[in-house]
Structure formats: structure tokens, C-alpha cells
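The values are calculated or read from the model by the stated rules, or taken from the named source; none is laboratory data. Quick caveat: nothing in here was measured; it's all calculated off a predicted structure. Virtual Cβ from ideal backbone geometry, glycine too; neighbours counted across all protein chains shown. Quick note on the areas: whole protein, heavy atoms, side chains included, nothing else; ligands and nucleic acids left out. Shrake-Rupley method; radii C 1.70, N 1.55, O 1.52, S 1.80 Å.
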Amino acid sequence: MRRRLFPMLVLLTVALAALLVWLWWSDYVPIDKCLDAGGAWNAEARTCVLTVTTIRP
């Protein structure tokens, strides 16, 4: 049982790390954070465009 468990844990760790790297390099995480903040993603410049407004009482 132990001989099978270690390689499976290593494989799971490598797969999880690969998924996280892919999500970051594919701009999924920055785009999601930008849209959650109410911004618009500029794909050409790979930047988040936010409109800042000030509300005064």
C-alpha cells in the first residue's frame, strides 16, 4: 500500500502545480481578478482598465 501511495501523491502534486502554472500563464487569474474588480481586460496590452470614480456626499 505504501509503495503505491507515494508515487500517486507525487503525481497529484505535479498535476496540481502544472494546473496552477497553466492558469497563471494563460492570464486566467489576472483576467478574473480584473473582472471581479469591475474593470475591463485589454487583451492587447494584457492590462486591466479600471474606471475610477469619486462619490462625494
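Numerical summary
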{"read-out": "Of all accessible heavy-atom area on segment 1-53, the percent that carbon and sulfur account for (1.4 Å)", "value": "68"}
{"read-out": "Helix 2-25 vs. the chain, principal-axis angle (Cα, 0 to 90°, nearest 10)", "value": "20"}
{"read-out": "Accessible area per residue in Å² at 1.4 Å probe, computed on the chain", "value": "99"}
{"read-out": "Ordering of 11-22, 28-39, 43-54 by burial proxy (mean other Cβ atoms within 10 Å per residue, highest first)", "value": "28-39, 11-22, 43-54"}
{"read-out": "Rg ratio (alpha-carbon, reference 2.2 N^0.38 Å) - the chain", "value": "1.90"}
